[in-house]
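No value in this document is a laboratory result; all are computed from the given coordinates. In this text, all values refer to a predicted model and were calculated from it rather than measured experimentally. In this analysis, Cβ positions are derived from the backbone assuming ideal geometry, glycine residues included, and neighbour counts consider all displayed protein chains.
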Amino acid sequence: MNNDLENSAKEYSALLDQACMNVGADLFEDQIEIFDLAMAKARFSAAMSLVNHSEGEHQGLATYFLASTLRELDQLLLADPNVYGLSQSEISGKDAINEPLKPENAMRIGRQYANASLPEIELASEHEIIRKTFSDFSDKHIKPVAQKIHNENLLVPRSLIEPLKDLGTFGLSIPEQFGGLKPDDREDLITMVIVTEELSAGSLGAAGSLITRPEIIARALLEGGTEQQKNKWLGKIASGETLCAVSVTEANAGSDVASVSLSAAKTEGGYILNGSKLWCTFAGAANVILVLARTDKTEKSHKGLSLFMVEKPSSESDEFEFSQDGGGRMTGKAIKTLGYRGMHSFEMSYTDFFVPEENLIGGETGLNRGFYYTMKGFLNGRLQTAARACGLMRSAYESTKAFATDRSIFNKKLIDHPLTLRKIADIAGLISASRTYTLDVAKKMEQGGGALDANLVKLFACQSAEKVARDALQLHGGMGYAQETEVSRHFVDAKVLSIFEGTEETLAVRVIGREMTVN
């Protein structure tokens, strides 16, 4: 990267920080400005990550992506000085920003990645072996059935789940002492990121999301569970003997987790659940559901919530009902969705459903602390969702390159048209920046930091996935709109990424905004 562009990046970084300082502290009244700043912060952080990882033949891509990022920052921060209180209308080095974005350079970058692979992520040898193992599994076992699962809205077949059990997939977040693959003395989020990306490249709904629920539950148990609970559940989850689901969302409590109203009333020997939940993914096949319920009705905030391990028989049906001897009842009905098919997301209902007190995570100590245990798992889940987005983008990119290379239009290959090449350059930048940033955040979180970055990378990678999938479908033309093409699946799957694990609006304003702006 040339010195002028590097200096411009520093100046825009300072302007971005100043804009955050100048925005008001009202997360409602100022949410438009906060949202835009959060998105800008996420993209800038990803761009700098790509720059720091790029060398040799890939430096041109990093320069191109950084320049496009700085141009967006310029348009946001300096278009109207009154919005962010920035009086500076120009900065030095704008020519350094414009030069890499000239059409001829965009075409050159696009042609480079139309004929070559994306930059490889530098990994330690043991992580590279893991990546190759799951990449091969994805190519041989997941991709051949992914489109059929999507088109026919099938449940993930046992023919995929069983070999994934053998690979230890469900134990990536569980320490070795409990039968998992995670070292007892340290984190290994890089492995989780690598495996998630490779499985998601095969299918988001039928593979890439299989380990999200074990991740969230394992984190909750490790954070707040009793030793008895850890010993009972973690080994079975790690082996895949116990398949699991997470039930947090409600009709009036989506990303606003603190508004959960499903009640858990104390009774002799346990608690009685009453209420409903939405979007409980994999609830049918699951043997246990992690349920967030309100145990203190006098407390309307996050402080009155607790977590329960709710056991149930596994079912492969789109609808199920489980009745207890004492009259309690649990029902589930799969919700029809545009995409993200394979695991099925359920609407759940609990009527006088009894849960024994030993299934309250943390026991009496964990009473009314469920929100905190949930958030611990969700933070890692957001990092994992960024990895899911990376896998989906890679798959969409490869499909599009193959199609554009074969397709001719106006007597030229689609891949040779300047607009196509610029789209390829943009796609390559978004994917590569998402991948390097995800890896960087995983390393930070392994060291005990990176909480803000986990939210930022989820925000950036998921929005990037929507852009990449949209451009990939567009380059396919009419064939992209056909249900039988893979890119149409990528398009509808990508949309869900910015919704679950915290919608991008809530994440940007209520989580990232709270950290970025002066309160």
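Laid out as a table, the results:
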quantity	calculated
Calculated [θ] (222 nm, deg cm²/dmol) that DSSP helices of n ≥ 4 give over the chain, each run adding -39,500 (n - 2.57)	-16500 deg cm²/dmol
Karplus (6.51, -1.76, 1.60) ³J(HN,Hα), θ = phi - 60°, over the range 138-146, in Hz, Gly and Pro reported as x	4, 5, 7, 10, 8, 4, x, 10, 4
Centroid-to-centroid separation of the range 1-66 and the range 398-459 [C-alpha atoms, Å]	17 Å
Within the range 274-313: Cβ-based charge dipole about Cα centre, in debye rounded to nearest 20 (Lys, Arg +1; Asp, Glu -1)	140 debye
Ranked packing of 229-239, 281-291, 423-433, most packed first, by mean Cβ within 10 Å	423-433, 281-291, 229-239
Placed amide H near residue 305: partners under 5 Å, 5+ positions off or other chain	295, 370, 371
Interchain or long-range residues, amide H under 5 Å from residue 346's placed H	279, 280, 281, 282, 283, 335
Net charge of Cβ neighbours under 15 Å - reference residue 104; Lys, Arg +1; Asp, Glu -1	+2
Neighbour-limited loop hits for trypsin sites (Lys or Arg not before Pro), the range 102-192 (at most 15 other Cβ within 10 Å; DSSP other than H, G, I, E, B)	186
Sequence-distant aspartates and glutamates (8 or more away, or on other chains) whose Cα lies within less than 13 Å of residue 277	250, 347
Lys pairs under 22 Å by Cα in the range 21-151, provided they are eight or more residues apart or on distinct chains	5
Cα centre as origin, Lys/Arg/Asp/Glu Cβ charges: the range 1-142 dipole, Debye	460 debye
Pair-distance profile P(r), taking every C-alpha pair of the range 296-424, with 10 angstrom steps and integer %	10, 21, 26, 17, 11, 10, 5, 0
Lys, Arg +1 and Asp, Glu -1 on Cβ, resulting dipole of the range 363-406 about Cα centre, debye, nearest 20	140 debye
Under 14 Å, Cβ to Cβ, from residue 434 - net charge with Lys/Arg +1 and Asp/Glu -1	+2
Kirkwood-type radius of the chain, with distances r between different C-alpha atoms, in Å	23.9 Å
Counted charge near residue 34, where neighbours are those whose Cβ lies closer than 11 Å (Asp, Glu -1; Lys, Arg +1)	-4
Most positive-pole-ward Cα, 403, 368, 414, against dipole of the range 310-429 from beta carbon charges	414
18 Å Cα-Cα reach of residue 495 towards lysines, excluding residues that sit fewer than 8 places from it in its own chain	336, 458, 467
With at most 15 neighbouring Cβ atoms within 10 Å, loop GluC sites (Glu not before Pro) (DSSP) excluded, longest segment of the chain	317-483
Overall Cα dimensions of the range 9-128, principal axis frame, Å, largest first	47, 38, 21
